[in-house]
Structures are given as structure tokens and as C-alpha cells.
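Peer 1: Quick one: the structure is below, questions incoming.
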């Protein structure tokens, strides 16, 4: 009896030691056939690290990614809040880009290996490239994440086309060149750039777009022969990618918002099928047709997060204050880079300086230190920046005093904001940019006014190798008539001007409604 119990314990321990996937394969294998091998995992060449993640559970990071994580450039992501100013509204939104990047790495590798089971042309080295792209896709974020590239840089450097994806590619180069062990590991993996792995990783981060030069070599080959590689980390075609799956699940978990999208189910039902595009058969990731409802839930989750968190009126008010503080400090603060000292806004031109830039910049501005000044006097702009930071801490926030939903026919864009400001302050000498600010809002399913699944490929149960786009007849009739809602909000920076600004904005919005009525 004791012997039987002991053998049973040993058997269960052995089963636990194998992955569930391997166990299922062994159980389902036909007795007349040798058992199938589970998909190969990441290369164990450089050891491994285990992370206990609140969203995905235990994550094992292996291979070259271990060395990338253990660098100052990647560890910097610990000090970049995922939701920017959202932490000042939701106390639970304390998560950072660090854990999101590791979660994206995990989903990228998991999804790629699921696809590899039925599509062996997806090679192990390509999966490693996908994992590294998922791990490094957010290396280029600035302080408070999208506050930096969507609000601060456009205001301080008008006309700038800079985006964090470009900085991610530049930061990856900087990371490799300043860490000898990582550089050596990349040279071994890429065989001194003869295999084009590093170029492919950069192109995957960019989503196959925004490349400064025309693609060539391995990148051009992958874009033509294996476009599905670009649908995993940064899917520019449909927006269905592991980056979103992680931050939807993670943000909802930390914010206490329900997430109805099941990425595990989607991955298990997805497969690669040859589809015809411009007269050529190319492999694309296709979803099972019944997953359309699950995908619409994903995009609805995106809209919900934007409405309730990312573009929450208090969140946006805090972010406008952060931008004002950084804008004022930009005239004084200097950060040491590879070629001297840089302003906050010019750090984007030097990755050595940029690697020192994170959310702690507000603390450095507020602290009574020299910050590049030559004497003990504090410049007026720096003192004004400190006042704004103190107002954030005492909850004396910019107040949203008016919101207006634009009609579908209204073409209003960011470039029109200066004209709107001028109309609101016309005739009032006391009103200027120091009293109020205006911001645009957009709530959509990821593709502005378009149906996000219009370009997505699907397959049916009866013909699993035939791909198709969903026809209108197969779509739910409960979908929204429009997939985008745009609006404009005005914020008062000083309490004494709130009522005046509110009245003037109401007058402007009434006139706008007459000019562009809703259909």
C-alpha cells in the first residue's frame, strides 16, 4: 500500500515537471505513432530568470532577453508609469513599462509558438526576434509615457514627427553598443549582422512602417514572404497584437475595470493561412470566424479604457499640468549626454541623455538643487514649474469647465486649437494661455472611424485553409453605427477664471454646433 502511494506521488511529480502541453501530447498520442514533440522553447544559452506576474502568472525569460533586461537602459522602464497621469486619478495604476514589456515578451513568444505548430516555416530564430521586439518595443517611452510624445514634444517642438517607436529603435542600438556582454551576445545571435536579425527586430518594433530607409535584405524578404511576422507585436494593419493584449489585461487589472477579451482563446484558435493580396499568395494570421465577437470585445475594451482612464477629464488635467511644468523647466534643466548637456526636449536626439530621463524628472525639478544654474538663484521659469508640481501634490488641479462632442461632419483638428483659443479670449485682456488650455479627445475602436475588423482575415470550421474577410451579413447588427467619437475639452488653470472661460466656451460650442450640425 505504501509502495503504491509512493509510486503515485512520483508519477504526479513527474507530470507536474512537464508542461501541460507536453502532457496532453503524450496522452493523446496514438499508440501506433511516436508522440509528437512540443514546440521548441526559447534558447537557454544565457540562463533564465523567473518573474511572478500578476496578469500572466509565472513568466520564464530566457536567452538573449535575460541580458537585455539586466541593463540600465531596460531597467529605466521601472520608472516610467504605464498610464502617465492616470496614477494621480487611479491609486491602483502604479504599474510601469517594465512589467508591461516583460508581459509583451511572454505573449509574443507564446503566440508565435502556437502558430508554429501548424506552420513550421516559422523558424526558431524568427520567434526569438519576435520575443526581443516584444521585450524592447517600449524602450523609447519618455516621462509619463504618452504624455511625453503626444503632448510635451508637439508643444515644445512644433511640427516634430518624433514618436516613441523611433526612440525604441534608437535606444536598442544604444543599449547594445554600451553593454559589451549584450553586444557580444547579439553578434553571436546575428552572426555579425550577416543574418539580418537586428534589422528585423527593429522593423518589427516599428510595425513595418516609419522606416527611415527603404527596406532591404532580410527585412525586405520578411515583409514580402512572411508578413504575418508583423502582426504579432505591432500590427499596423488591424491593431490586433500582443502589445494591446498585455496592456488591456494589465491596465484593467490595476484599474479594477472588467476586461471581456480572452486573448488565450484567440491565440489557440488563430492559424496562418495563405491569402491572396495584390495577386500574390502570402501567409497571414487568420482568426476563427466565431472569434469576431471576442475581437469586438477587445476593441470595446480599448474604447472603455480611453473613456474611463486614459482620457478621463481629471487625468488629462493632471497631464496638462505635467506638460506645463516640463515646458517651464525645459528652459533651465540640463541633462548630461554623449556630447554635452541637453534640454529635456532635445534629449530625444541623444540616447545617452534620454536614458537618464524618466518620471523622476518632476522630483528633480521640485527639489532645491541647481539643475544646471550657475548660482544659487532660481530662475523664474523653474520656480513656476515647481509651483505647478506642488499644485499637483495638493490636488489644486486644472479644472475641466467644458466639453463638447464634435459632429461627424466637423473637421476640427489639432491645428485649429490656436484659432479656438483666440476666439475664446478675444476682447478679454486677462485671458491668455496661462489661464486656460484646450485638448482634443477621441474615442474609437483603434482605426478611427473605420471598422477595425474590415481588414482582418478569418477562417471557418468546415474549410480551415480558406481565408476570407467578414461580410456585413456575418457581422452583428448590434455594432455601433460609427466607430469613433471626437470631442474637445477646455481646462481652467486658475479658479478665478473658471466661470468666464466656461461661458465663453459654451458660446463657442453653440456656434460650432450651428456651423456643423449632427446629421
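Peer 1: What's the total number of residues in segment 51-70 that are part of a loop (DSSP other than H, G, I, E, B) and surrounded by fewer than 21 Cβ atoms within 10 Å (Cβ to Cβ)?
Peer 2: Residues flagged as part of a loop (DSSP other than H, G, I, E, B) and surrounded by fewer than 21 Cβ atoms within 10 Å (Cβ to Cβ) within segment 51-70 amount to 3.
Peer 1: Taking the condition of being more than 23 Å from the chain's Cα centre (by Cα) and part of a helix (DSSP H, G or I), how many residues in segment 180-221 meet it?
Peer 2: Within segment 180-221, residues that are more than 23 Å from the chain's Cα centre (by Cα) and part of a helix (DSSP H, G or I) number 15.
Residue-by-condition table, conditions (1) touching a helix residue (DSSP H, G or I) at 6+ places or on another chain (Cβ under 8 Å); (2) surrounded by fewer than 21 Cβ atoms within 10 Å (Cβ to Cβ); (3) assigned to a loop (DSSP other than H, G, I, E, B):
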site	(1), (2), (3)
233	yes, no, yes
237	yes, yes, yes
253	no, yes, no
265	yes, yes, no
275	no, yes, no
292	yes, yes, no
299	no, no, no
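Peer 1: Filter segment 120-145 down to the residues that are in contact with a helix residue (DSSP H, G or I) (Cβ under 8 Å, 6 or more places away or on another chain) and assigned to a loop (DSSP other than H, G, I, E, B), then identify the one that is nearest to residue 201 (Cα to Cα).
Peer 2: 137
Peer 1: Also, I was wondering about something else. Take the conditions closer than 27 Å to residue 267 by Cα, in contact with a helix residue (DSSP H, G or I) (Cβ under 7 Å, 6 or more places away or on another chain) and assigned by TED's automatic domain parsing to the domain that holds residue 56 and apply them to residue 112. Does it pass?
Peer 2: Yes, satisfied.
Peer 1: Which condition number does residue 459 fail, the rest of (1) crowded, with 17+ Cβ neighbours inside 10 Å; (2) under 29 Å from residue 307 (Cβ atoms) being met?
Peer 2: Here residue 459 clears every test but (2).
Peer 1: Right, next: Please identify the pairs in which a residue from segment 157-174 that is farther than 19 Å from residue 69 by Cβ has its Cβ atom under 7 Å from the Cβ atom of a residue that is modelled with pLDDT under 95 and in a loop (DSSP other than H, G, I, E, B), counting only partners at least 6 apart or on another chain.
Peer 2: What qualifies is 165/210; 166/210.
Peer 1: In segment 78-104, which residue that is more than 13 Å from the chain's Cα centre (by Cα) and farther than 17 Å from residue 315 by Cβ is surrounded by the most Cβ atoms within 10 Å (Cβ to Cβ)?
Peer 2: The selected residue is 79.
Peer 1: Read through the list (1) in a helix (DSSP H, G or I); (2) surrounded by 14 or more Cβ atoms within 10 Å (Cβ to Cβ), then give the number of the only condition that residue 177 fails.
Peer 2: (2)
Peer 1: If residue 488 passes every condition in (1) part of a strand (DSSP E or B); (2) at pLDDT below 95 but one, which one does it miss?
Peer 2: Condition not satisfied by residue 488: (2).
The values are calculated or read from the model by the stated rules, or taken from the named source; none is laboratory data. What you see is a predicted model; the values in this text were computed from it and never measured. Here the Cβ is made from the backbone with ideal geometry for all residues, glycine too, and neighbour counts use every protein chain on show.
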